[in-house]
Amino acid sequence: MDNSIRKFLVSQFFIYLIVSVVSAQDIRKEIDSVNATSHDFIVSNSEESIQLFRQNSEFAESIGYSYGKAKSLENLGKAYYIAGEYDKSTESYLEAIKIYTVLNSHSDLATAYGEFGYQLKRRNLPKAMTYMRLAIRIGEEYNFRRELTALYDNYGVLQEMNDDTDSARYYYQKALDMKYELKDTIGIPYSLNNLAGISAMEGDYNKALDYIRLSDKFRANEEGDFGRMENLLLYANIYYLMGDSRKAIETYKECLKNYGNQGFSFHIRYSYEQLTFIYEELGDYKNAFLNQKKYYSIKDSVLNFETTSRIAELEVAYDTEKKDRQIAEKELEIKQRRIQLLLMAAVVIILIIASVWIYRSQKHKRERMRKELEFRNRLSKMELEKKMSDEKIRISRELHDNIGSHLTFIVSSMDNLTFLQKEGKVYNKLIGLSQYGRNTLKELRNTIWAMKQDDTDLSNLILKLGELKQQVNENLTGLHLEIKNEIKREIFPGSAKMLNLYRIIQEAVQNVIKYAEAENVEISFTEKHSGFELRITDDGKGFSPDKVKRGNGLRNMKSRCEESGGKFELRSDFSGTEIICTFS
């Protein structure tokens, strides 16, 4: 074949493909445009709508446009329902629901479930509520606010039919609030009418009429007459409930006169039924009989036994198919989960083995490092303690051999001079210096003693305090010092704390001697849960801790206690003074 001919044929083929695609796209747009027909037009022109959406569904199927077909079937179901052809309505809705389910079109699925459930309300209220709850669950899960407004309204109607007026009002109001937010002028009158019906049932007729009048303002702008007929019927119902039979009859007749030839089968049937009741109550049995005949003629034409059976068959077939599909999906899901669980189990086992191996390796490594660190710390501590012990021994030896010997020499010299100088100011001065030197030498020896108490028990301090006790009791008349030790276990405070405790006791006893005018002083050591308590008590005249200015002695005692890790307390009144130093 010639190349030029081949190129020509190829180019023609591509042109054909492009034209085909463009044509299909144009048809889709046309199908979508028809499916966008307003709700008002469908409910006001049911017969025309049936022809329109049946043809639209066939077009969509011919080009394989599944979504367009489902939308056409949904609208067709609505038109069939308005026309009273309930079996065909059920068939259309169920087929639309199946397509939406396959397409995962959740918003359309919620709407279709809701509309179908609402239309079942007079045939099977429990099933109607099941479909409606399913629709609401989908709408709330995906936050389809516009779809939810209609669902809440219709679910409120079902609750009202179920005699749960509180729930009905709740959903009507919820729908109305959401519609105002969305500025849904088409949907607002439906919610207003529903609230009007609830108010009328509760006997609040003025509020009910206010709701309908507000609804009328929105209905005035609607394309068809369906909404206006709804309002007229609602007016008639309220007049009937108010006891104004004449006005109710006039309004029902107005509905039949204005809208009787437009295919509103349910509304017409309902008007004849209500007129039958009213005439019967008024005793006008002739008109009651005539209206009842018209009611039954319409009712029998749209809801005979065969139609009801066909609807039931369609619902059972849909439920069976849905259950089969759910079982198959469940089996597939179980199989996939089983495989996932096996894979996860294998991964978990591998991870556990790896984790155990890593954990043991890290544990051995940490244990080895811990032991090495402990050994190094113990070694360092021992070396430090040895150096500190050696240094303390050196300092104490230096203090004893050097400063101590010098102080001893000074005291001896002072004694010699005092012996030579028997009287006068110089004699008194020498006596004072000699005593000061002795006291200094004594304090030095106490310090040296404390420095050597690193590894000794608290009982050594109590033994040391025995010297203080002997000194006070022998040299001071009218004052008795007592020491009590209630500690049973061994406590090793350390040299610094031992010295601080001795100084605190020494300072406290000096204060008692100087200021307290006491007869008894008690120094007690008491064992606590994890430490001990030092308590120094006298029976002197006491003082007011808040009023008396604290001198260096009290500050030094508090500082030494806290420096050693203790808690310092001072209590004093007219019965005596108590100093407590607690170590935990």
Can you grab the distance from the C-alpha centre of region 350-366 to the C-alpha centre of region 532-584, Å, no decimals? 57 Å
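Region 533-584: which trypsin sites (Lys or Arg not before Pro) are DSSP loop and have at most 10 other beta-carbon atoms within 10 angstrom?
Answer in residue order: LYS547, LYS549.
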Just to make sure I understand: if all protein chains stay in place, what is the order of ILE82, ILE97 by accessible area at 1.4 Å, largest first? ILE82, ILE97
Taking every alpha carbon pair in region 164-298 and sorting the distances into 5 angstrom bins from 0 up to the bin holding the longest one, the percent per bin comes out as 2, 11, 18, 20, 20, 14, 10, 4, 1, 0, 0
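Taking a ≥ b ≥ c as the square roots of the Cα gyration tensor eigenvalues, with a/c under 1.5 meaning rounded and otherwise prolate when a/b beats b/c, else oblate, which class fits region 137-193? Write out the running numbers ahead of the final one.
Numbers: a/c = 2.32, a/b = 1.29, b/c = 1.81.
Judged from the Cα gyration tensor, region 137-193 comes out oblate (a/c at least 1.5, b/c at or above a/b).
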Where the only charges are on Cβ atoms (+1 Lys, Arg; -1 Asp, Glu), what is the dipole of region 143-249 about its Cα centre, to the nearest 20 debye? 300 debye
Under a 1.4 Å probe, counting only protein heavy atoms, HIS364 has an accessible area in Å², nearest 10, of 120 Å²
Within region 194-292, what whole-number % of the accessible surface is contributed by carbon and sulfur, with the 1.4 Å probe and all protein chains included in the calculation? 49 percent
Would you mind computing, in nm to one decimal, how far apart the modelled labels at ILE350 and THR582 are, each placed 7 Å from Cα along Cα→Cβ? 6.1 nm
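Starting from the Kirkwood Rh over alpha-carbon pairs, what translational D in µm² s⁻¹ does region 466-584 have by Stokes-Einstein at 10 °C and 1.306 mPa s?
Working: Rh = 14.7 Å.
So the translational diffusion coefficient is about 108 µm²/s.
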List the pairs from LYS98/LYS253; LYS484/LYS514; LYS29/LYS253; LYS335/LYS363; LYS71/LYS330 whose alpha-carbon separation is above 32 Å, in the order I gave them. LYS98/LYS253; LYS29/LYS253; LYS335/LYS363
Within 10 Å of each candidate Cβ there may be at most 12 other Cβ atoms; applying that plus a DSSP loop requirement, which trypsin sites (Lys or Arg not before Pro) in region 160-255 survive? LYS183
How much of VAL356 can a 1.4 Å solvent probe reach, expressed as accessible area in Å² and rounded to 10? 60 Å²
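In square nanometres, what is one fourth of the surface area of the convex hull spanned by the alpha carbons of region 39-147?
Numbers: hull surface 26.3 nm².
Over every viewing direction, the Cα hull of region 39-147 projects on average to 6.6 nm².
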Ordering THR149, THR130 by how much accessible area each has at a 1.4 Å probe, largest first, what is the list? THR130, THR149
Sequence-distant residues sharing a close amide H with ASN485 (under 5 Å, placed H): PHE525
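With every protein chain left in place, what is the accessible area per residue of region 534-584 in square angstrom, probe 1.4 Å? Before the final figure, lay out the partial values.
Values: 3040 Å² over 51 residues.
Each residue of region 534-584 exposes 60 Å² on average to a 1.4 Å probe.
How much net charge surrounds LEU103 when only the other residues with a Cβ under 12 Å from the Cβ of LEU103 are counted, with Lys and Arg +1 and Asp and Glu -1? It would help to have the intermediate numbers written out before the result.
Numbers: positive: LYS69, LYS71, LYS98; negative: ASP108.
Net local charge, LEU103 excluded: +2.
The values are calculated or read from the model by the stated rules, or taken from the named source; none is laboratory data. Here the structure is a predicted model, which is why all the values come from computation and not from measurement. Note: ideal-geometry Cβ built from the backbone for every residue, glycine included; neighbour counts use all protein chains shown. Each accessible area value is taken on the protein alone, full model and side chains, heavy atoms only, with ligands, DNA and RNA left out. Shrake-Rupley method; radii C 1.70, N 1.55, O 1.52, S 1.80 Å.
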